[in-house]
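Input: a single structure, listed below in structure tokens.
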Amino acid sequence: MNETSGSTAADVRVRLRFITRDPTIRVNEVPLAVPVALNRRGLSEVINHLLGIEGGTKGSAEEEEKDGNTTNASGYDFVIENQLLRCSLDKFLRATGLSTEVTINVEYYRTLQAPIEGTRSKPEDAWVGSLVACQGGREGGVVVAGGYDGKLRCYAAQDCSQSVGEWSQAHTGPVKAAAAFHLDTDDEGKGSVVVTAGKDKLVKTWGLSAAAAGTSNRKKKSTEIAAAAGIVMWPVSVLMGHENSVECVAVRGKQQQVLTGDWSGMMCFWKLEGGGETFSTPASSSSTITSQKTKKRRMYDVQVGEEAAAVQAVASTLTPVSVLKAHSQCMSGIEWHQADVSRVFTSSWDHSIKSWDLERQDCVQTLNSSRVVTSLAASAGSLVAAGHPDGRLRVWDLRSSSTDNGVEGTSATPGKRVLAGCGSWISGVAWHPRRENVLAALTHDGLLRVWDLRATKPLHTLTAHEGKALASCFGWRTGGEEGAAWPLFTGGADGVVRSFEI
């Protein structure tokens, strides 16, 4: 950085070109000279002035360092050289070696506000081991929670304190994982398919839809289809093929394909039969819903070891299309590549993350870690995030092998960034649905942390649960306007399901 001898930070200026992907806050991209003494709050004041917006908060560099992770309602975040600005421009330029004599491109966007705490369910006796948000069932959607007591509990996504149904004999052991996809074939567009995996070695599929008009909300017997508060949920099929506890599940709805991984490292690939008709609501009249006892939809209380009863309880029993020995130890995560339908990612306690070509049934890439991998999430791009017992997040960029900006890598391996700061066993990670660099992490100390990959510390840290936080999932945006909040649901060892807005 070149400065005139004897000049201070207040005297020196640097030319910045402000760039954004958000058309609602775009300003003229002509370079503008600003003092290097400004921090992100001062730059936010500049953007607001260019937009003709009065107000905003302007702070000194000392205030910014003291409260570096706080956000203000009218502020923006700024990215220079793929790093979030968290100090004055002067200190940033000195640390990165950038010169004040060249024009610097600065990307900006609305500040990610601290998650807003929403509603919570009443505590249950069992841990919440899995969560999945479903678009179907009712307006605003439904959150299905899998408990360690084998029950499935449904909550209104808009108000988690509102319980809308319970399936008491979903599995004979803890429900370890759950996934769902929306049914476009549903008559009213409100249907979903839920896939659950349990310690009882079984994977089950369930139909979830809005109850027909006039459906009784009274408590149903175990031999009847459960309908409560406008929700109908019924068993469809059992997927049998695992010989150990099933620990993770992923679905691809359009193709109606399911992937599962178990404690021994086996991965099973399934194709659901019958298309959308298989998952259609069993009947449209209330009398049929409350008392139907045909063989196809009969439900039984499944006791431990009675696999025959589990088979009879649903419409069909499926076997896997293919079985692969994916890992040498327990599989902790499985994710579809969101762009390549034949590619999936798996993680394991054997310290590895693998990329698979399902068509070839072959592992095409292995990412080795120095720790057990306890959780996995793949972004809409090419980023793969993994959580570990040492409290570290490791993120791989499969497109990069550079060593710039703190990213490790070689020509043979993708770039990797290690984020420290969680301090406890990471039990779950989830990418923000729209912000490609933002993800949430849950830990066994009960905390929820929101990260931006371009920062060295979490943006926000909140207490989510008393005891271990175990499960999380994003829902659907509560408003269509730019900047509307996205709901995040969490579950923990306190038996509570909570909602946050990000």
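A few comments on the model shown:
- Exposure of Lys91 as accessible area (Å², to 10), given a probe of 1.4 Å and all protein chains: 100
- Computing FRET efficiency as 1/(1 + (r/R0)^6) for Asn82 and Arg15, where r is the C-beta to C-beta distance and R0 is 25 Å, gives about 0.80.
- Per-residue 3J(HN,Hα) values for segment 351-368, derived from phi via the Karplus relation 6.51 cos²θ - 1.76 cosθ + 1.60 with θ = phi - 60°, read 6, 10, 10, 10, 10, 10, 9, 5, 5, 8, 6, 9, 7, 9, 7, 10, 10, 9 Hz in sequence order (x marks Gly and Pro).
- R0 of 56 Å, Cβ-Cβ distance Asn28-Ser161: FRET efficiency to nearest 0.05: 0.70
- Förster-model FRET efficiency, 60 Å R0, Ser328 and Glu101, C-beta, rounded to 0.05: 0.60
- Theoretical gain in end-to-end length, Thr319 to Arg435 [0.36 nm per residue, Cα-Cα removed]: 38.0 nm
- Exposure of Cys248 as accessible area (Å², to 10), given a probe of 1.4 Å and all protein chains: 10
The values are calculated or read from the model by the stated rules, or taken from the named source; none is laboratory data. Keep in mind that this is a model prediction, so the values were computed, not measured. For neighbour counting, all protein chains shown are included, and Cβ atoms are generated from backbone atoms with ideal geometry for every residue, glycine included. In case anyone asks, the SASA skips ligands and DNA or RNA and just uses the protein heavy atoms, side chains included. Shrake-Rupley method; radii C 1.70, N 1.55, O 1.52, S 1.80 Å.
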